[in-house]
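Single-structure report; data block below.
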Amino acid sequence: MEIIIQPTPEAATAIAARLIAGLIREKPAAVLGLATGSTPERLYAQLVDLKLDWTKITTFNLDEYVGISPQHPQSYHSFMWEKLFRHVNVAIKNVNIPDGLAKNVPASCEAYERKIAAAGGIDLQLLGIGTNGHIGFNEQTSSLASRTRIKTLTPQTRKDNARFFGSEEAVPHHVITMGIGSIMEARQCLLLAFGKKKARAVAEAVEGPVTAMNPASVLQLHKKATLIIDEEAASELKLPDYYRWVYDNKPEWQKL
Ligand code: GLP
């Protein structure tokens, strides 16, 4: 795992934007795995400002709430169109987000997996992290081999996400999420985490055992996982100075 610690979320986001912009320029038909939540908002704004060519890019979002329509202001469909897609020249047919209103959820999840495979797999999967270590909506004790499927949110995640819905009661219980096994097949994973609230989940993911109690810890088994975090999110790490030294002394050819 590569751990990049930056003084602020702004500085961390700038590196993530450079990395994704570099991929889009190098591989104009890249397949991007995208995430929602407050963490990547600034990143999407920066990618918009870079005026990249998205015409051949394909995207797959990690997750969606079950039972709310794509037009619902808190659906992840709405989030993605609002924050990114409507500002760039992405082709609508290349945008994929799990269907929260699917009549046959298992069939729809299988179709989503088949679509990812047909697109050639995901080049870069963007991730945030929940305060309990979840990635996508793979809650604690999710199978580390799981595929796209329905999940039930933990009370903690419903509480964390209540700020978007106005109240905890309004947060759906069910979601569809790409599985941990699906995420692990991406050729690169890029996880962003900002703020003190994420410090414990980040420390456990990076330096704790690989465990379904912290789904992000599975990234220790990924061959190309990069975490870009701010000082606050790094505050419970045991080896922060080592990670800083590594990043500051990268060989020239390896610099981001
Ligand atoms: C939700 C999303 C995750 C995201 C997490 C953290 O649960 N499904 O993909 O990483 O929230 O959100 P935030 O970035 O708002 O802290």
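Just so it is clear, none of the values below were taken in a lab; they were calculated from the coordinates. Values in this document were obtained by computation on a predicted structure and should not be read as measured data. As a convention, Cβ positions derive from the backbone with ideal geometry for all residues, glycine included, and neighbour counts pool all protein chains shown.
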request  = Quick one: work out Rg over Rh on the C-alpha atoms of the stretch 5-148, Rh as Kirkwood radius.
outcome  = 0.95
request  = Work out the FRET efficiency for SER69 and LYS27 from their Cβ-Cβ distance, taking R0 = 51 Å, and round it to the nearest 0.05.
outcome  = 0.90
task = Evaluate the distance, in nm, between pseudo-label points positioned 7 Å from the Cα of THR141 and of ASN89 along their respective Cα→Cβ axes.
result = 5.0
task = Run down the lysines and flag those whose C-alpha is under 17 Å from the C-alpha of LYS56, throwing out any fewer than 8 positions away in its chain.
result = LYS27, LYS93, LYS115
task = Give me MET178, MET80 ranked fewest to most by other Cβ atoms within 10 Å of their Cβ, as a rough exposure proxy.
result = MET80, MET178
message = Just to be sure I understand the model, the point goes 7 Å from the Cα along the line to the Cβ. What's the resulting ALA162 to HIS174 distance in nm?
response = 2.3
request  = Mind sorting ASP123, ASP241 by how few other Cβ atoms lie within 10 Å of their own Cβ, fewest first?
outcome  = ASP241, ASP123
request  = Work through the residues other than PRO70 whose Cβ is under 13 Å from its Cβ and net out their charges, Lys, Arg +1 and Asp, Glu -1.
outcome  = -3
note = Env charge @ VAL95, Cβ radius under 14 Å, K,R +1 / D,E -1, value +2
key: Between the stretch 83-116 and the stretch 178-256, the Cα center-to-center distance that results, in Å   = 27
inquiry  = Just to be sure I understand the rule: take each whole DSSP H helix in the chain, project its Cα atoms onto its long axis, keep it if the span is 24 Å or more and its mean Kyte-Doolittle hydropathy is at least -0.5. Which ones pass?
reply    = 9-26
query = Residue separation times 0.36 nm, minus the C-alpha to C-alpha distance between THR152 and LYS103: what's the value?
reply = 15.9 nm
remark   = Percent antiparallel among DSSP beta bridges confined to the chain, rounded to 5, stands at 30
remark   = Loop-resident trypsin sites (Lys or Arg not before Pro) in the stretch 73-136 with no more than 12 other Cβ atoms inside 10 Å, DSSP not H/G/I/E/B, are LYS103
ask   = If you rank THR8, THR154, THR39 by fewest surrounding Cβ atoms within 10 Å, what's the result?
value = THR8, THR154, THR39
key: Listed peptides 199-206, 105-112 by packing density, highest first (mean Cβ within 10 Å)   = 199-206, 105-112
